[in-house]
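One structure is given here, and the rest of the page talks about it.
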Amino acid sequence: MIDGSWTSTAQFSGCGWVWVDSVGKVQLTGTRNYIRRESTLHLEVEALRWAMESMLQHSTCQTFRMDCKDLIAMIKEPHTWPSFAT
């Protein structure tokens, strides 16, 4: 599970992730502070990237959960988000 916290007036943004195993037990967590990103969506992308990099060190996990509908849509239909193509 991944989430980010962003406001337009704060200097920093935060994000975190939790690795929960198949029986619902928390195995590992991570939190991180970033200099504020351009938008909430930018922070959510950064949080997902960081969570994926972190999980590769510990597991072959291939399922991630988040509540950012725009990021989910971007992953499902990347051609509709050309500004994030790189």
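Coordinate-derived values only; no laboratory data. Computed from a predicted model, the values in this text were never measured in an experiment. Neighbour counts are summed over all protein chains in view; Cβ atoms, including those assigned to glycine, are modelled from backbone coordinates with ideal geometry.
Observations, loosely collected:
- Taking each DSSP H run with n ≥ 4 as -39500 (n - 2.57) and averaging over every residue of the chain yields -9000 deg cm²/dmol at 222 nm.
- Loop-located chymotrypsin sites (Phe, Trp or Tyr not before Pro) in segment 9-86 (DSSP state not H, G, I, E or B) with no more than 12 neighbouring Cβ atoms inside 10 Å do not occur.
- Among 39, 22, 54, the residue with the largest mean-square fluctuation in a Gaussian network model of the chain, with springs joining Cα atoms closer than 10 Å, is 22.
- Rel. contact order, % - alpha carbon contacts under 8 angstrom, at least six apart, the chain: 28
- By the beta-carbon count within 10 Å of each Cβ, the least crowded to most crowded order of 20, 26, 45, fewest first, is 26, 20, 45.
- Order of 2, 75, 35 - criterion: other Cβ atoms within 10 Å of each residue's Cβ, fewest first: 35, 75, 2
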